[in-house]
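Okay, so here's the structure we're looking at.
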Amino acid sequence: MLVKEYFALLQQALAKSPFTCSQQVSFDARSDYIGVVRGILIFEDESTLHFTECVNTGHQVQKLKYRYQYQSADGITIFRYDNAPHHGSVPTFPHHKHVGVGELPVESPAPGLQEVVDEITGLILTRMSKGENE
C-alpha cells in the first residue's frame, strides 16, 4: 500500500468521528512507503487528542513510532499510547498505555488511530450518560 493510500484511509476514519468538532492534521509523505501524520482533534467537550504516527506501508502498515495522547479540556492527560522503548518490563514492550497522570504504564498492543478515536467516543458517551460536561 502506498503511504498516500494509508493517509486517505486515515482521513476517511477522521471524517466519521461523531464528536470531533475541529481537527488540524498534517500528512508528510517522505517516500512512496514512508510517511508521518501529526494532528490534533478537538472534541465537542473540548477534550483533545494529540497524535503522531511514523509509518512504513511497504508490505503491511508498520508503525515505526506513534503517540496518541488524549487530554481533558483543562489539559490533564486521560491516557496515552506510545511505543517509546523505555518500559522494558511491560509484556507488550515497546507498546504500552499510560492511564492518567503519573501512573505506571500497562500492557497494550499498538492501537490504530480509529481504535483510539472509538475509545474516546466511548468515554464521551459514558460521560454524557452520567450527565457530565453538560
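The values are calculated or read from the model by the stated rules, or taken from the named source; none is laboratory data. Source: prediction; values computed, not measured. Glycine gets a Cβ as well: all are built from the backbone with ideal geometry, and neighbour counts include every protein chain shown.
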Condition test on I76, is it β-branched (V, I, T) and out of contact with any strand residue (DSSP E or B) (no Cβ under 9 Å at 6 or more places or on another chain)? yes
Return a yes/no flag: does the range 80-94 have any residue that is surrounded by fewer than 15 Cβ atoms within 10 Å (Cβ to Cβ), of a type in the set (D, E, K, R) and either within 29 Å of M128 (Cβ to Cβ) or in contact with a strand residue (DSSP E or B) (Cβ under 7 Å, 6 or more places away or on another chain) (or both). no
Residue that is modelled with the lowest pLDDT, among those in the range 99-134 that are over 16 Å from S72 (Cα atoms) and hydrophobic (A, V, I, L, M, F, W, C): L104
Looking at I34, I76, I120, can you tell me which residue is β-branched (V, I, T) and either surrounded by 17 or more Cβ atoms within 10 Å (Cβ to Cβ) or within 13 Å of the chain's Cα centre (by Cα) (or both)? I120
Just the residues that are of a type outside the set (S, T, Y), modelled with pLDDT of 95 or more and not in a strand (DSSP E or B), please, taken from the range 21-45. R30, D32
